[in-house]
Structures are given as C-alpha cells and as structure tokens.
Amino acid sequence: MIDSLLSQLSGPSLALVVTVGAAVFLAVRYVAIAGGALWFVMRFADQLGLRRIQKLPFTREQLWREARFSAMTIGIFALLAAAITALTGQLHFAQAAMPSSAAESAWAVAAVPIALMLHDFYFYWMHRLIHVDWIYPHVHRVHHLSTNPSPLAALAFHPWEALIEALGVLAILTFVPLPLPSLIVFSLLAFSFNVLGHIGYELFPARLMASGFGRWINSATSHNLHHRTFRYHYGLYTLIWDRAFGTIDPRYDERRLAAA
Ligand SMILES: [Zn+2]
Ligand SMILES: [Zn+2]
C-alpha cells in the first residue's frame, strides 16, 4: 500500500514526503528513546546509584546544548534524505514494497544485522578519522563538549559530523537495500544502542560485562571512557574493530572484569 502511494508521487512531492516523514520519525525516536532514557535514569537515580559511571550530575546547560545540537542533526538527516530523493527521483535507501515471498522475508530479517555490522565498521573508521588533530575541532569537538554525556548527547553533532554520519548510513542502505519494516527496526536498534552508550550508567549486568560476549560489546562504560579520555573505543555497537586495531583503553578490561 505504501509503495503504491509513493509511486504516485513525483520527485519534488516525494522529497517533501520523505523530509516530513523522516523528520517526524527521527524526532519521535529521539524524544521517546533518548528522552525516555534520561527520564528513567533521573527517576531511578537512587536505585541506580552504584551503576553511575561518573559521579557527576548532568547539568541543565549540558542537557540544553545536547538537545539543541541533536535537533539540528535530525533536521540535517531529514534534509539529506530528501535531497537524495529529489536528485534520484526515487526512494533510494528503502524498499517501500513489503516482502512478499519467503526469500524476501528472509532477506528482510537478515539484512538488519548485516546493515548493523557494516555501520559498526564504517562508524569505527569515520570516528577515528574525525579524531585526527586538524579535523577534530571543526567536526567532532561539539560531540565531545559532553565529557560526561547524557542520553540526549546521542545525536549532539556538529553539522559536518551529522552529514558524514548520514552519508555513510545512506551509502550502506544503498548497498544493503532494506524493506521499510527492516529499515525501521535497524533505525530503532541503532539509536537505542547509541543512547545506551551515552546513558551515564552501566546497565549491563556485571556477569555479562565479564563474559566472553561482554568482551566484544561496546558498553556504556566503554563509550563513557571515550568521552572522558578523547581516545580509544571508537566503535559503535561492538569492540571488534577496537580490539582488531589496538584502540582499547588498557584499563578497560580490568574494570570490566572487576565488576563481576
Ligand atoms: Zn558519544
Ligand atoms: Zn569521539
């Protein structure tokens, strides 16, 4: 149904639908997941006390700054999606048609972890690149203004960083075409994990952290350490690339194992 509706739209009106649709979806996603996570950790701050990674409160000024830059990022993501739609005259990064065969349904499921792994790899190298001395102040410093990030920092990027991040994701979605339901699942998983990295509390159970599996996931402790030290732990979902390319903080494994 969605595909037949979209197929009736011409380039400019399709781009308008994409802009509004993407902006609304991204804004609701941000408010529900990042806002929900902030509410959760503030509401249950006493119960979560020992799980707090840095013993500093989030400041009002910090929360406003993170929310402001995140709002700008949402606008950039939506406009970029619309610009590509307008240029190509089609929905370039999603298949509006629903899966109709067993093979298409299997692909709809398999494509999500494939897209997440490609994103993880892209993000690692993009993140290392924007930490290069002469690039960092112009692109990535805004994100690192939060040395003790809150969940609202999940999209707190300078416009250049938002653009580089979005172009990478759109390139991945061009190579790995996701049906719309898979795209929504990918987007929700990606953002939830991003928020978890900035939540300021280690919510993974100590046993998971110390396990073989825990060794490979990018925990809140891991990303918080990146915000504090400005080096190490460039990964997004996993620590696969950090371990492969020697960018794990030497203190991290000790801390991870000590928690159990
Ligand atoms: Zn971050
Ligand atoms: Zn960084």
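A few points about this structure:
- Residue within region 184-199 that is of a type in the set (Ser, Thr, Tyr) and either over 30 Å from MET42 (Cα atoms) or touching a Leu at 6+ places or on another chain (Cβ under 7 Å) (or both) present: no
- Checked against (1) at pLDDT 90 or above; (2) under 15 Å from GLY197 (Cβ atoms); (3) in contact with an Asp or Glu (Cβ under 7 Å, 6 or more places away or on another chain), ASN224 meets all criteria but (3).
- Tallying residues that are surrounded by 15 or more Cβ atoms within 10 Å (Cβ to Cβ) and either away from ligand 1 (no atom under 11 Å from the Cβ) or more than 15 Å from the chain's Cα centre (by Cα) (or both) within region 236-247 yields 7.
- Note on region 66-161: enclosed helices (runs of 4 or more DSSP H) holding 3 or more residues that are in contact (Cβ under 8 Å) with a residue 24 or more places away in the chain and away from ligand 2 (no atom under 16 Å from the Cβ) are 102-130.
- For region 167-185, the criterion of being of a type in the set (Gly, Ala, Ser), at pLDDT 95 or above and within 16 Å of ligand 2 (Cβ to nearest atom) is satisfied by no residue at all.
- Residue among VAL142, VAL112 that alone is within 23 Å of TRP241 (Cβ to Cβ) and not acidic (Asp, Glu): VAL112
Residue by residue, here is whether (1) more than 22 Å from GLY75 (Cβ to Cβ); (2) surrounded by fewer than 17 Cβ atoms within 10 Å (Cβ to Cβ); (3) among the β-branched types (Val, Ile, Thr); (4) away from ligand 1 (no atom under 16 Å from the Cβ) holds:
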{"residue": "ALA103", "(1), (2), (3), (4)": "yes, yes, no, yes"}
{"residue": "TRP107", "(1), (2), (3), (4)": "yes, no, no, yes"}
{"residue": "ALA110", "(1), (2), (3), (4)": "yes, yes, no, yes"}
{"residue": "PRO137", "(1), (2), (3), (4)": "yes, yes, no, yes"}
{"residue": "PRO151", "(1), (2), (3), (4)": "no, no, no, no"}
{"residue": "LEU155", "(1), (2), (3), (4)": "no, no, no, no"}
{"residue": "LEU167", "(1), (2), (3), (4)": "no, yes, no, yes"}
{"residue": "SER187", "(1), (2), (3), (4)": "no, no, no, yes"}
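- Restricting region 1-27 to residues that are within 13 Å of ILE74 (Cα to Cα) and among the small types (Gly, Ala, Ser), the residue that is modelled with the highest pLDDT: ALA27
The values are calculated or read from the model by the stated rules, or taken from the named source; none is laboratory data. Since the model is a prediction, treat every value here as computed from it, not as a measurement. Here Cβ is always computed from backbone atoms with ideal geometry, including for glycine, and neighbour counts include all displayed protein chains.
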